[in-house]
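Heads up: the structure comes next, in structure tokens.
Bear in mind these aren't lab numbers, they're just calculated from the coordinates by the rules spelled out. Keep in mind that this is a model prediction, so the values were computed, not measured. A quick note on method: Cβ atoms are made from the backbone with ideal geometry, for glycine too, and the neighbour counts reach across all protein chains shown.
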Amino acid sequence: MNETRISSEDTAALVCLHGLFGGPEDFATLHALLPPEVRHFTPELPVATGFGEIEKTTELVEHLERRLDSKGIERCVLVGSSLGAHVALAFALAHPGRVSGLVLSDPSLALEKRLIARRSRLTSPEAAGAEIRRGFWDVTNGSEPMATTAFRSLSDPRRFRSLVRLIKDVDAHEPTARLIEISAPT
């Protein structure tokens, strides 16, 4: 994904975290609008894409920590959408000194839970895309890559079980209830 260097060493990078069936491309429009001096990074979260069976939020936090370390990002503003919002919040709770701000969008996982509940009706990537678009107010969501990823993940019994376990783990930890514990450094 796009990355641009910051002009000042102490400025926090903007790190964007996609949802369960999304990917780094979900933030392409945002990245295109940022001024060139803003360093930004959108790591691939290893969920629903077939390169790992992640079943716990803590595993995603550890993955994010490794990715930030590999890019030399010490401090960041985290922008999380859907599952990415949960990962951002869990990361901020685990590493408060590394997070200078949070932007959380739709941490309910309602779309993911809806797709899981309707799994038997999603017989093609097109059907998955139509169901995803029904869950968004903006019909441009539910892109072909997202629909294909959702369909493949829901069709594969092993991936499906992992996704269900991951969502149950997120629900069990109720990270949004812990928002009051977050304080950004000043």
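Below are the figures for this structure:
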item: Pairwise FRET efficiency - L33 versus E53, Cβ, R0 = 35 Å, nearest 0.05; result: 0.50
item: Distance from the range 30-105 to the range 112-131 (C-alpha centre basis), Å; result: 26 Å
item: Gain in span if fully extended, D171 to E65, counting 0.36 nm per residue against the direct Cα distance; result: 36.0 nm
